[in-house]
Number of protein chains: 2
Amino acid sequence: MTRCTKLPLSSCLLYRTAMAEAATQATVGNSEFDRDTAITRREDGVYDVELSAGWTIIHAVNGGYLLALMGRALGDALPHPDPFSVSAHYLTASQPGPAVIRTQTVRTGRTLSTGQASLFQYEEDGTEVERIRVLATYGDLDSLPDDVRTSAEPPAIPPLEHCLGPADGQPSIPGSSAITERLDIKLDPATVGWAIGAPSGKGEMRGWFGLADGRDADPLSLLLTVDALPPTSFELGLSGWTPTVELTTHIRCRPAPGPLRVSITTRNLAGGFLEEDADVWDSADRLVAQSRQLAKAPRGQ
Amino acid sequence: MTRCTKLPLSSCLLYRTAMAEAATQATVGNSEFDRDTAITRREDGVYDVELSAGWTIIHAVNGGYLLALMGRALGDALPHPDPFSVSAHYLTASQPGPAVIRTQTVRTGRTLSTGQASLFQYEEDGTEVERIRVLATYGDLDSLPDDVRTSAEPPAIPPLEHCLGPADGQPSIPGSSAITERLDIKLDPATVGWAIGAPSGKGEMRGWFGLADGRDADPLSLLLTVDALPPTSFELGLSGWTPTVELTTHIRCRPAPGPLRVSITTRNLAGGFLEEDADVWDSADRLVAQSRQLAKAPRGQ
């Protein structure tokens with residue numbers, strides 16, 4: 001059952017009502033996300049996959065979705081199940097269609113193991129072209145002690161019913177795209193100025209995050225979540241493409257069921273590059289994922 | 001010449017005086033750091049190196065020093081000179097002595113290239129044991145436009161003369177070690193409570209950073225700088241070893257000559273792990289490096 005242990009009551013009720021209205025709520029293992037991140041083992045450590053057109057922004061496949069696919073392959077190849085730290089360097093833009101993920105086990109330890117993965121697509125003549133290379137350290141989140149000694153606080157995001165999604169008249173991301181139908185994102189009104197031509201000038205983007213078919217979060221879907229909100233560059237007054245150069249995600253805790261809150265900040269846009277730091281909080285007020293990416297800043301004003 | 005464009009006058013004078021007192025100030029290319037990160041090309045992309053005992057903490061070689069060594073090898077192997085984003089997964093603890101760095105060019109682009117490097121040491125029977133694996137994207141810092149649109153502010157650190165180094169009665173890191181003689185670190189008094197048994201309880205560590213022989217910073221030495229201060233866990237009241245699992249560093253700007261300011265924060269110590277975010281600022285008030293690492297928390301109280 002979906003439970004919201006620490007959220008404002010109104011947000012919990014709204015989330016539960018939306019879930020109840022869905023004819024059949026998707027579950028972990030039986031959802032769009034799971035079907036579109038399915039892997040087929042060709043041989044030990046090598047997996048055939050199909051990049052779904054359902055997770056594209058404009059014509060490119062979302063980087064977080066690709067990361068989740070590679071995370072699933074590594075979780076199969078390594079002796080530990082959960083991604084603890086995943087570092088991805090993006091090489092070339094992926095297109096919907098067939099791909100292959102080749103993994104390598106780098107080190108196997110008692111509590112942690114480290115692996116590497118590359119995602120390739122095919123030229124017309126069959127030549128493989130590498131899209132992304134990943135280094136990742138895996139462990140078992142369920143084996144961790146429950147201690148929390150932290151100064152981090154959940155982001156101040158208004159209750160779900162005061163946040164804005166595409167159905168609330170908030171324009172979707174310019175030019176996009178299939179992925180918006182797969183995600184249930186409601187942005188903090190304080191960070192949607194870009195949608196009406198009045199960006200805040202602050203490098204901030206915040207909102208509620210869920211999968212549209214109601215599937216709850218797990219460590220794999222968190223790899224999608226960290227790269228799913230509109231870029232902070234929109235609120236900095238820059239429109240256009242913000243391609244990721246590098247993205248590292250730390251999964252710190254198995255997320256509780258219920259909606260997630262995501263806060264993204266950029267403190268340094270300089271020399272044509274910017275960083276985006278994402279924090280993801282679950283309904284139990286645990287900081288479940290932290291990520292940082294380096295991206296190329298859009299050229300437009 | 002060493003210039004301090006935006007620092008308080010007192011800090012600049014103190015730094016210049018210290019430099020002038022050094023019989024011969026080391027320079028980029030002629031310093032302890034450069035000698036100890038020298039690489040010898042064995043064949044294309046393969047480099048023999050010697051891990052110096054001068055950069056050890058207790059008996060382990062400092063992770064930032066190792067990163068600088070691997071960064072130098074990648075800078076030689078790749079067509080672009082400067083590290084933009086370096087992701088390192090630490091596998092086994094390194095010891096002083098011979099090692100080999102094997103690099104692979106993953107992708108070569110017009111403005112960015114991506115490479116991979118592994119550092120190996122040798123068992124008694126000559127078997128290679130991998131210590132660290134790195135993915136890195138390189139570019140040319142001098143080719144970047146000079147625009148800065150940022151909300152980041154330099155950390156509030158007292159002037160150099162009010163900060164504390166080993167000569168000011170501040171105990172060195174427990175059990176350490178050679179590296180303290182190679183570094184000129186003066187910590188903010190607000191973050192040295194750990195040294196007198198009164199940690200602040202905050203996940204913060206701040207201070208001035210220089211190399212002891214006066215060599216100015218460059219992109220390679222910044223890879224050392226991000227992992228050179230005492231761990232924030234000391235100020236959280238935990239003593240003992242804080243081994244790095246993963247460390248990603250973004251070099252955002254070529255540092256100006258003069259002392260650096262380093263600010264490290266931990267917001268989430270949970271489940272036996274913690275993150276450390278480091279910001280490095282140069283004397284021109286530019287944010288020159290940002291890093292985040294995931295580390296295992298010490299077991300001790």
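If you go through segment A:65-90 and keep only what is closer than 20 Å to A:Thr40 by Cα and small (Gly, Ala, Ser), you end up with A:Ala68, A:Gly71, A:Ala73, A:Gly75, A:Ala77. Quick test for you: out of B:Leu269, B:Leu294, pick the one residue that is part of a strand (DSSP E or B), more than 16 Å from the chain's Cα centre (by Cα) and of a type outside the set (S, T, N, Q). Testing whether each residue is part of a strand (DSSP E or B), more than 16 Å from the chain's Cα centre (by Cα) and of a type outside the set (S, T, N, Q) leaves just B:Leu269.
Could you please let me know if B:Arg267 is farther than 29 Å from A:Val86 by Cβ and of a type in the set (Lys, Arg)? Judged against the criteria, B:Arg267 is not a match. Filtering segment B:108-117 to residues that are among the small types (Gly, Ala, Ser) and crowded, with 20+ Cβ neighbours inside 10 Å leaves B:Ser113, B:Gly115, B:Ala117.
Counting only strands (runs of 3 or more DSSP E) that fall entirely inside segment A:124-204 and contain at least 1 residues that are basic (Lys, Arg) and surrounded by 20 or more Cβ atoms within 10 Å (Cβ to Cβ), the qualifying elements are A:128-139, A:183-187.
Pairs meeting the criteria (first residue in segment B:87-107 and crowded, with 22+ Cβ neighbours inside 10 Å, second residue among the aromatic types (Phe, Trp, Tyr), beta carbons under 6 Å, at least 6 apart or on different chains) are B:Ile101/B:Tyr47. Against the test of being in contact (Cβ under 8 Å) with a residue 40 or more places away in the chain, basic (Lys, Arg) and in contact with a helix residue (DSSP H, G or I) (Cβ under 7 Å, 6 or more places away or on another chain), the options A:Arg261, A:Arg254 yield a single qualifying residue, A:Arg254.
Here are B:Leu238, B:Leu211, B:Leu247: which of them is under 12 Å from the mean Cα position of the chain (by Cα), surrounded by 19 or more Cβ atoms within 10 Å (Cβ to Cβ) and either more than 21 Å from B:Ser85 (Cβ to Cβ) or modelled with pLDDT under 95 (or both)? Walk me through how you get there before you give the answer.
Working: B:Leu238 fails: under 12 Å from the mean Cα position of the chain (by Cα); B:Leu247 fails: either more than 21 Å from B:Ser85 (Cβ to Cβ) or modelled with pLDDT under 95 (or both).
When all the criteria are applied, what remains is B:Leu211.
The values are calculated or read from the model by the stated rules, or taken from the named source; none is laboratory data. What you are looking at is a predicted structure, and each value in this text was computed from that prediction instead of being measured. Please note: Cβ atoms are built from the backbone with ideal geometry, for glycine as well, and neighbour counts cover all protein chains shown.
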